[in-house]
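Before any comments, here is the structure.
The values are calculated or read from the model by the stated rules, or taken from the named source; none is laboratory data. What you see is a predicted model; the values in this text were computed from it and never measured. Cβ sites come from the backbone with ideal geometry, for glycine too, and all protein chains shown count toward neighbours.
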Amino acid sequence: MAKRTRTLIVGNWKMNPQSADEAKTIFLGIRKASEKVKRVDTVVCPPFVLIPALEKLVAGRFATYLGAQDCFYEASGSFTGNISPALLKRSGVSYAIIGHSERRALGESDEVVNRKTIAALTAQLKPIICVGERERDADGKFYAEVEGQVATALKGVRKADLKNVIIAYEPVWAIGKKESEAMTPAQLQEMAIFIKKTLVELYDASAATLPVLYGGSVTSANTQGLLEVREVEGLLVGRASLDVKDFGLIIGLADKRA
Ligand code: PGA
């Protein structure tokens, strides 16, 4: 396997924090932690309205970027409540989480995830496409569920655009749990290999380099074990990304991985 270059650590703040001041304080703490490391790219995904408060804090030399928690699939028009990828791009956003299971639970289909992925790429945002089974069955049918999510999300995505695509594997059953209930590294490795195999079947061998992240109850306590999985290029962190100390430790551990 090729030598690893960088690890991607993404913080999904969900509907937090509750003020721009608080967001700036947390963001600056995270930026400080990522300034200290060399081999990690850090992405923070705040609520939309907090993006302008953080935009000025992502100036070039820090490997700390802004991400959105979603984006719409149209560029403009009469779509009340939605936000265009191009506007996000112009607001200093570089990445967009797409198809998070909490959005899928509200009715977002694989087809919508696909349209949003293409729209994000067109606007030069890097889509972080979330996939993951709701639960595990003894027969292993969940593999087909994940394969279907990956294949549909990438329908019509050109090979040339793949370098900007990230897949985040987040089994729904492991999100928002105690860190001891997160996935085990062994389970994660099997799935990461399966996702890479799916990508290679959809495109060709070069698609195996597409970053696959893990998400679901990540804390500094389970980071090291999860990042021992060679096939995983980073982590998507929910609650722990609002805790400067813990997220800083996660970033530091990611920097030290072999
Ligand atoms: P969690 O959330 O780390 O709080 O489990 C992860 C996610 O939903 O992306």
Residues being within 13 Å of the ligand (Cβ to nearest atom), crowded, with 17+ Cβ neighbours inside 10 Å and farther than 18 Å from GLN224 by Cα: count how many of those fall in the stretch 176-202. 0
Return the residues of the stretch 203-238 that are within 15 Å of the ligand (Cβ to nearest atom), farther than 22 Å from ALA258 by Cα and over 14 Å from the mean Cα position of the chain (by Cα); say none if nothing qualifies. none
A careful count of residues in the stretch 193-244 that are touching a residue at least 60 places away in the same chain (Cβ under 8 Å), in a helix (DSSP H, G or I) and not small (Gly, Ala, Ser) gives 6
Within the stretch 138-161, is even one residue more than 16 Å from the ligand (Cβ to nearest atom), part of a loop (DSSP other than H, G, I, E, B), modelled with pLDDT of 95 or more and crowded, with 16+ Cβ neighbours inside 10 Å? yes
The stretch 87-136: number of residues that are more than 16 Å from the ligand (Cβ to nearest atom), within 23 Å of ALA53 (Cβ to Cβ) and either at pLDDT below 95 or not in a strand (DSSP E or B) (or both): 10
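Residue under question is ALA208, and the condition is that it be within 22 Å of GLU145 (Cα to Cα) and not acidic (Asp, Glu); does it hold? Break it down stepwise before answering.
Details: within 22 Å of GLU145 (Cα to Cα): yes; not acidic (Asp, Glu): yes.
Judged against the criteria, ALA208 is a match.
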